[in-house]
1. State all residues of the range 246-264 that are out of contact with any helix residue (DSSP H, G or I) (no Cβ under 7 Å at 6 or more places or on another chain) and in contact (Cβ under 8 Å) with a residue 60 or more places away in the chain; if no residue qualifies, say none.
2. Taking residue 157, is it farther than 14 Å from residue 380 by Cβ, assigned to a helix (DSSP H, G or I) and touching a residue at least 60 places away in the same chain (Cβ under 8 Å)?
3. When the residues of the range 231-244 are narrowed to those that are in contact (Cβ under 8 Å) with a residue 24 or more places away in the chain and surrounded by fewer than 21 Cβ atoms within 10 Å (Cβ to Cβ), which ends up nearest to residue 402 (Cα to Cα)?
4. Go through the residues of the range 367-375 one by one and say whether even a single one is buried (at least 20 other Cβ atoms within 10 Å of the Cβ), in contact with a strand residue (DSSP E or B) (Cβ under 7 Å, 6 or more places away or on another chain) and either closer than 30 Å to residue 74 by Cα or modelled with pLDDT of 95 or more (or both).
5. Would you call residue 84 in contact with a strand residue (DSSP E or B) (Cβ under 8 Å, 6 or more places away or on another chain), touching a residue at least 12 places away in the same chain (Cβ under 8 Å) and closer than 30 Å to residue 253 by Cα?
6. Which helices (runs of 4 or more DSSP H) does the range 188-300 wholly contain that include 1 or more residues that are under 25 Å from residue 386 (Cα atoms) and in contact with a strand residue (DSSP E or B) (Cβ under 9 Å, 6 or more places away or on another chain)?
7. Residues in the range 106-126: is at least one under 25 Å from residue 287 (Cα atoms) and in contact with a helix residue (DSSP H, G or I) (Cβ under 6 Å, 6 or more places away or on another chain)?
8. Sort out for me the strands (runs of 3 or more DSSP E) sitting completely within the range 1-109 that have 3 or more residues that are over 30 Å from residue 148 (Cβ atoms).
């Protein structure tokens with residue numbers, strides 16, 4: 001879109017990730033075309049984009065479609081048509097030289113007998129104790145699973161992932177993302193492999209094009225877009241945005257950009273709102289994208305709770321679709337939240353750990369390799385997050401500014417939720433406008 005074409009729009013959408021695209025798509029579907037979606041990159045999708053390196057396709061990191069809502073399933077199928085595969089999860093936890101099927105708490109059978117006994121005793125004790133409202137994430141874990149499971153897996157893994165101790169976090173993200181089998185299921189899981197549990201027990205993935213195929217499919221239905229468009233300044237009172245040096249007038253503003261960054265972009269922000277934005281913390285994830293010249297036995301991803309292992313998760317990108325890597329090769333994404341200053345040294349450490357854990361072998365040749373840094377990656381659920389976020393959103397709402405998406409709402413989320421939030425927000429906007 002040429003800059004001179006837009007002077008005034010009813011709805012200005014910031015960010016061309018899945019949430020922003022979903023808002024625009026559903027506005028179009030509802031007959032509302034007086035909108036503009038702006039995206040700083042030259043492509044759509046945000047962190048759910050993909051990139052091609054030679055004959056390999058890599059997502060920016062692990063991005064899978066966990067679809068449960070009937071409308072979301074029908075929408076994705078309609079957009080991707082036949083370009084969709086359904087997988088049953090093959091995920092594990094690396095524990096004392098064994099691969100324990102995920103979720104850990106439902107597959108105690110795979111643990112050494114002594115540790116399995118400790119974990120079972122902890123679960124049974126927790127079930128007998130009268131529950132009270134947990135004060136923090138540690139208490140939530142202990143009440144749900146007991147000391148053994150917490151000490152052996154949940155504490156080290158979550159400390160590593162969030163770079164924050166569970167005692168210093170809230171538990172309000174857990175209900176969707178942490179499988180909570182009951183006592184009977186855990187007890188049965190100590191004897192034999194459990195049934196697939198959790199929101200990601202099954203997932204979908206595009207057959208061609210990587211995860212980016214979904215954003216690209218959405219964008220074909222969204223004509224009013226502006227790529228390579230950097231938002232420099234927002235005046236909420238005057239309803240003016242400065243984008244690539246161009247003034248754009250709007251009536252309603254939809255923000256999907258990271259909330260702290262967006263607040264910094266706004267003018268005349270109250271000090272209390274600035275302080276609230278500074279209280280929102282996040283992790284940075286460094287992703288080593290890598291491929292070897294051998295077909296490695298298939299898995300989807302493996303968690304590594306050990307503090308001495310430099311990454312928290314290894315995913316097999318090529319396991320999601322046969323079209324992501326040439327035949328006879330395997331591609332991976334390897335993720336770390338630890339601070340990395342020297343990529344060459346980190347690469348050596350990663351490779352050493354991959355060899356140690358049996359992911360790759362000494363004779364394997366690395367035929368593709370590069371790094372990507374995601375920041376922000378995960379919004380940290382510290383004790384100040386909820387109040388700070390609420391304060392910011394209430395202030396923004398006064399000016400017909402609404403936030404959505406993983407980063408706009410500063411939450412732990414997944415792609416289905418982005419699609420549904422976009423749909424709901426489009427309806428909300430038109431409801432107020434009509």
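1. 247, 248, 249, 250, 251, 253, 262
2. yes
3. 236
4. Scanning the range 367-375 turns up no residue that is buried (at least 20 other Cβ atoms within 10 Å of the Cβ), in contact with a strand residue (DSSP E or B) (Cβ under 7 Å, 6 or more places away or on another chain) and either closer than 30 Å to residue 74 by Cα or modelled with pLDDT of 95 or more (or both).
5. Criteria not met by residue 84.
6. Values: elements: 212-219, 259-265, 271-278.
Because the criterion is at least 1 residues that are under 25 Å from residue 386 (Cα atoms) and in contact with a strand residue (DSSP E or B) (Cβ under 9 Å, 6 or more places away or on another chain), the helices (runs of 4 or more DSSP H) in the range 188-300 that meet it are 259-265, 271-278.
7. Filtering the range 106-126 for residues under 25 Å from residue 287 (Cα atoms) gives none.
For the range 106-126, residues under 25 Å from residue 287 (Cα atoms) and in contact with a helix residue (DSSP H, G or I) (Cβ under 6 Å, 6 or more places away or on another chain): absent.
8. The strands (runs of 3 or more DSSP E) meeting that bar are 8-14, 35-38, 50-53, 56-59, 85-88.
The values are calculated or read from the model by the stated rules, or taken from the named source; none is laboratory data. What you see is a predicted model, and the numbers here were worked out from it, not measured in a lab. Every residue, glycine among them, receives a Cβ derived from its backbone with ideal geometry; neighbour counts consider all protein chains shown.
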